[in-house]
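Any read-out appearing in this document is the output of simple, stated calculations on the displayed coordinates, not a laboratory observation. From a predicted model like this one, the values you see are computed outputs, not experimental measurements. Cβ coordinates were reconstructed from backbone atoms using ideal geometry, including for glycine residues, and neighbour counts include every protein chain displayed.
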Amino acid sequence: MEATIGLEIHVRLRTTSKLFCGCSTDSADAEPNANTCPICLGFPGSKPKINKKAVEHGIRIAKALNCSLAPAVRFSRKSYFYPDMPKNYQITQYEQPLAEAGYLVLNGRRIRIRRVHLEEDPARLVHVGGDITSSLYNLIDYNRSGVPLAEIVTEPDIADTREARLFLEKLGVTLDHLGVYDPHAEGSLRVDANVSVDGGSRVEVKNITGYRNVEKALSFEAVRQRSMARMGVDVARETRHYDSGTGSTVSLRGKEQEEDYGYIVEPDLVRINLRPGWVETIEATMPELPDQRTMRLVEQYGITGFQAGIIVNAGLEMSLFYEECCRLYGDAETVANWLVTYLLKSLNYLGLTLGESGVKPGTFVELLTLIDEGVISQRTAKELIKDYAAGGESPRRLVEEKGLALMPRGRLREVVAEVVAENPQAVEDYLGGTGKAAEYLVGQVLRRVRARADANVVRKIIIEMLESIGDNASVAQ
Amino acid sequence: MSDAEIDRGMVRRVAEAAHLSLTDEELERYERQLKVILEAFRELDEVDTQGVEPSYHPVELEGVLRDDEVSHWSWDPLANSAHREDGYFRGPRIQ
Amino acid sequence: MYRAFNHLPESLRAGDEGRLSGVYVSVKDNVCVEGMPSTAGSRVLEGYVPPFDATVVAKCRLEGAAILGKTAQDEFGFGTFNVNTPYGVPLNPHDPERSPGGSSGGAAVVTAAAEFPHLAISESTGGSISCPASFCGVVGVTPTYGRTSRWGLIDYANSLDKIGCMGKTVRDAALLLSVISGPDRYDSTVLHAPVDDYVARADEPVEGLRVGVPREYFGEGVDQGVSEAVWRGIKRLEERGAEISEVSLPFTRYSLSSYYIIAMAEASTNLAKFCGLRYGLHMPLEGTFDEYFSAVRSAGFGDEAKRRIILGTYARMAGYRDAYYLKALRVRTRVIEDFKRVFGDVDVLAAPTMPVVAPRFDEVADMEPIQHYMMDVLTVAPNLAGIPMASVPCGESDGMPVGLHVMADHLGEADVIRATAAVEEG
């Protein structure tokens, strides 16, 4: 659906401590308010101090998005009142943000980046007795308060909802390659979107977590706006909230007037000069970015651009996995084929990431080796990969447990001979010219051996055997 | 400097933004007092500040950063709050 | 004790060793002392007990001081006469019907009246150390912005607040200054220049010291008696070999507006955190957050605090922030340039600290807010510029103490101490 879309993305940066204090950012298993201190709780008398690594991550993002870096940065206070705000102002960047005027290339098109800046995350609210509009009261956990965020704002260059999702996927992979965020951590990427349809009013949709929800949220919104336009109803310029439960956007009843944030420069912090020497060091140690990696995989491993693109797009984890497998196995094309066509499909079906699955280069290569050794057929391997992807268990062991190993040729001949002996009518039919009778025998053999033989091999043996019976018969005559 | 005079409506709007609910008496008194104060501030219009940079601090300070390390505070964050539940702070509803 | 304390601890413990052993240090209520209630003179922080010491307090403890208690002040520092407080208003020991000055009224009162070894940790944003020191006849030192750490200071205006000290004599104040000065790892705005032995500086002669007397500071708003007492003090410097000359600081008159706009803009953001959730005044949790926050804040803040919050919010709103907030910051640059220029020719400046002696409480009650602000006219400029200054008693007028204000360039504390010590000897 066509629309004019601009995105505002908040990325939780991968640092050990928070943006302005030494509290840990790792709160996944923590009790509420366990990772707090007077600074991130906004106690009177406390003062912030800037985390150097957060700034460096910001610089990496700015460089990867081809932005102009500011010569110096400052932080500002953005004032508004809300229960998740420890100081009722957020320390962010307004006067002198980190970077501006960049772009990300998506399918040959440049999506322009207006701005990249750093700011702190507010606390986490738990709504009790309802949702955001109907709760009786809230519970506040400040573990999240003060975690560093990079805010990335695009120009309204995105043309439709699908492009929005593709943009976010590419951005996510880029940030993953930079090592500045954890793509698997819950809520590490949040999106607000500005949508307008057919030149109508611009509506802001907030609180879309994870880019999978983005296409849904934006599609809903675009449909909503288009329906209203068709009915001749004006679309109100407002802020709406995305409810992932219902897949819809809801209007937040509130003040009509636009919030005035009353920005001042943060007087507890000082200017940070982005010295050329410092920036150059960061640039020199920038990791390989997705587009570069895709090209290199094609060149280095001789795989197709399509395959390389899929591998890279599946995340940094997957790229590294691929290259390690190639190193262990050697045949890069075979690895790519099996990875792209079968492994990824299984993982997607199971809803697992590579890390979660337990799949490792060593065991994956083992699977491919089993095929080469003739221990299992390709068909068996395609079936086996589903079980393998679920737990990463050694394929060799799986084959043993499930009795999937191909029967040795000699033993297979014995079984075929048994089946032929048991079915004289079929033999007669075949020799009489009914080719289909051989298929019947193949089926009988397969029923007996199941996955332990390749159908083509069985057919070959049966036909050989039948032909030799025929020859003998004619010789006998 | 703005010619927009501060009137009662403006005082109420600004107070609301700052989450202060004023009585009528306060509104009336503040309107009167703030008008006088803002009038006095108008003298800054006389100062030529063309090309002058703002001084966010009175002394030149730059480049204070901390290393990305965890330092743990051993304390009870909820000790000063009357509104708490199961380790959380309790807060008022949104709407 | 003249209602000087907001809080007194149950027991006092002084250390055996250190530069402050045997000394009692009182702490202005907006400077946090772990375990001791801290209200910054406001109802909105009623019951708040800080979980940490301010750096300056920690430094005093390390030197063996006993923390005496939390001294009274104008709410959050908003005031020149210490009358803006819901808690007791301290009384001037020289005349209990007169104001002790503000906002550090309590600190000055204890310093003047204590008959035991005592030093006061105090704080200045626009003159809150100098003014009460002048009114109560004690020494008050405001160091260069950043000379002392603000970690643990309940903020009024972060680019203007400085923690300083008061003592009966210059050497007393200098001792505390040496102890509390210096950087820490919590405050990003501290200065890293080495800390001097300020007590030793007090013994240095002022021969050849170039003293500038700014003509704008002796204008028609300054009381005749005050002016005369100050000139007598300046004469004493001259008798000791200092070179006196007249200088001009034309941007003085704009300092007041520039100061108040910046201070209120910053203060209005600092005070936003007080909303009845994590500390301080609480109410039953009813209504929406907008309603609850407004209820707590309206009940907890005094009149002057509300006025400054409104003005400060207005000054930084879109549409007004260029004309007020940014303009004031640019004027500040010009004020600083003014001082820098003058310090190219002189080492220190000498002027009256306040245009009057301590007024009577009934006189204060008759004053409009704008008149309160204008009383700061002589202290705001050096405070805005963040330069070091000290007020030293130099005589009397109408039976009340008069303070002489000595100012120096950034990190010029040594010259300030040297000069005020020489004035004192008279």
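Near the amide H of residue A:23, within less than 5 Å, lie the amide hydrogens of A:18, B:71, all on another chain or at least 5 residues away, with H placed in the peptide plane. Taking the C-alpha atoms only, the angle from helix B:8-17 to the longest principal axis of chain B is near 20 degrees.
Counting charges near residue A:327 (Lys, Arg +1; Asp, Glu -1) among other residues having Cβ under 15 Å from its Cβ returns a value of -3. Relative to the dominant Cα principal axis of chain C, helix C:170-180 is inclined by about 50°.
Each of C:59, C:340 was scored by other Cβ atoms within 10 Å of its Cβ. Listed from fewest to most, they are C:340, C:59.
For residue A:72, nonlocal amide neighbours, meaning residues 5 or more places apart or on other chains whose placed amide H falls under 5 Å from its own, are A:274.
So if I average 1/r over every pair of distinct C-alpha atoms in chain C and take the inverse, what Kirkwood radius in Å does that give? With all distinct Cα pairs of chain C included, I get 21.2 Å.
Working note: Karplus 6.51/-1.76/1.60 with θ = phi - 60° gives the stretch B:84-92 the couplings 8, 7, 6, x, 9, 8, 8, x, x Hz, where Gly and Pro are set to x.
Among the listed pairs C:59/C:162; A:47/C:168; A:78/C:59; A:18/C:162; A:47/C:340, give every one whose C-alpha distance is greater than 23 Å.
Exceeds cut-off: A:47/C:168; A:78/C:59; A:18/C:162; A:47/C:340.
Semi-axes of the equivalent ellipsoid of chain A are 59, 26, 22 Å, computed as sqrt(5λ) over the eigenvalues of the C-alpha gyration tensor in descending order. Anisotropy class assigned to the stretch A:245-394 is oblate, per the alpha carbon gyration tensor with a/c at or over the 1.5 cut-off and a/b no larger than b/c.
Quick test of the membrane-span-like rule: which DSSP H helices of chain A reach at least 27 Å along their long axis (C-alpha atoms) with mean Kyte hydropathy at least 1.6?
Answer set is empty.
Shape analysis of chain B based on the Cα gyration tensor places the equivalent ellipsoid semi-axes at 39, 30, 11 Å, largest first.
Between residue A:127 and residue A:212, what's the calculated FRET efficiency when r is the beta-carbon distance and R0 is 22 Å? Round to 0.05. Efficiency, from the Cβ-Cβ distance: 0.45. For residue A:235, the residues 5 or more places off, or on other chains, whose built amide H falls under 5 Å of its own are A:201. Note that the stretch A:79-89 has calculated 3J(HN,Hα) couplings of 8, 7, 9, 6, x, 8, 9, x, 10, 6, 9 Hz, one per residue in order, obtained from phi through the Karplus relation 6.51 cos²θ - 1.76 cosθ + 1.60 (θ = phi - 60°); glycine and proline are x. Were the residues from residue A:475 through residue A:327 laid out at 0.36 nm apart, the gain over their Cα-Cα distance would be 47.7 nm.
How do A:326, A:23, A:40 rank when sorted from fewest to most other Cβ atoms within 10 Å of their own Cβ?
So the residues, fewest neighbours to most, are A:326, A:23, A:40.
The gain in end-to-end length when the residue A:105 to residue A:259 segment is fully stretched comes to 52.1 nm, 0.36 nm per residue minus the alpha carbon separation. All other residues whose Cβ lies under 9 angstrom from that of residue B:66 are scored, Lys and Arg at +1 and Asp and Glu at -1, for a net of 0. What separates the Cα centres of the stretch C:212-237 and the stretch A:127-152 is a distance of 58 Å.
Each label point was placed 7 Å from the Cα along the Cα-to-Cβ direction; for residue A:382 and residue A:337 their separation is 1.2 nm.
The long axis of helix C:289-300 is offset from the longest Cα principal axis of chain C by roughly 50 degrees.
As an exercise, use a Förster radius of 22 Å and the Cβ-Cβ distance of residue A:229 and residue A:162 to find the FRET efficiency, rounded to the nearest 0.05. Efficiency at R0 = 22 Å is approximately 0.60. Taking a cut-off of 54 Å, what percent of all Cα-Cα pairs in the protein assembly as shown are separated by more than that? Tail of P(r) above 54 Å: 32 percent of Cα pairs. Listed by chain and number, the lysines placed with their C-alpha closer than 25 angstrom to that of residue A:402 are A:345, A:360, A:382, A:386; residues fewer than eight positions away on the same chain are left out.
Ordering A:147, A:242, A:267 by the projection of their Cα atoms onto the charge dipole of the protein assembly as shown, which places +1 on the Cβ of Lys and Arg and -1 on the Cβ of Asp and Glu, puts A:242 at the extreme positive end. Using θ = phi - 60° in the Karplus curve 6.51 cos²θ - 1.76 cosθ + 1.60, the 3J(HN,Hα) couplings for the stretch A:184-191 round to 8, 6, 4, x, 6, 9, 10, 10 Hz; x is entered for Gly and Pro.
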